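Novice: Provided herewith is a single structure, encoded as structure tokens, for subsequent inquiry.
The values are calculated or read from the model by the stated rules, or taken from the named source; none is laboratory data. It should be emphasised that the depicted structure is a prediction, and the values quoted were computed from it without experimental measurement. In this analysis, Cβ positions are derived from the backbone assuming ideal geometry, glycine residues included, and neighbour counts consider all displayed protein chains.
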Amino acid sequence: MTGTASQVEWAVLIKGRVADEFDRVAKAFIDVALKQSVEDRADTEAIISILNEKRAAVMAINQAGYFISTWQELSGKVRETIAADPRYQEIKAHRERRRRQTAS
């Protein structure tokens, strides 16, 4: 990891918490998927794939300053990262359309 010794030390701690948070969110999605209909489960599995891509991209970054500035405060950050993805937005819109059709 690049940065000063103190930045690297701090960033390594933050990076560990980020990894734990990605794991926690993934587990929550998996737990939900196990209780869903086939269609909803497929959507949730697609979201988990997005989550795994985001995790890989974040964890590949080797700059201490990135973790310090971007991930120091974790509250909701992983979910925000997923929600910002256009594929997630499409899944969410598709799910809403399906629910409206079912309710009709």
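Novice: Which one is surrounded by the fewest Cβ atoms within 10 Å (Cβ to Cβ), of the residues in segment 67-104 that are β-branched (Val, Ile, Thr) and under 30 Å from residue 1 (Cα atoms)?
Specialist: 70
Novice: Right, another one. Does residue 67 qualify as being under 30 Å from residue 98 (Cβ atoms), in a helix (DSSP H, G or I), modelled with pLDDT of 95 or more and aromatic (Phe, Trp, Tyr)?
Specialist: Answer is no for this residue.
Novice: Residue check: is residue 41 touching a residue at least 24 places away in the same chain (Cβ under 8 Å), basic (Lys, Arg) and surrounded by 11 or more Cβ atoms within 10 Å (Cβ to Cβ)?
Specialist: Considered against the rule, which asks whether it is touching a residue at least 24 places away in the same chain (Cβ under 8 Å), basic (Lys, Arg) and surrounded by 11 or more Cβ atoms within 10 Å (Cβ to Cβ), residue 41 comes out as no.
Novice: Suppose we filter 26, 19, 56, 11 for residues that are out of contact with any helix residue (DSSP H, G or I) (no Cβ under 8 Å at 6 or more places or on another chain), part of a helix (DSSP H, G or I) and not polar (S, T, N, Q); which single one remains?
Specialist: Checking each option against the conditions leaves just 56.
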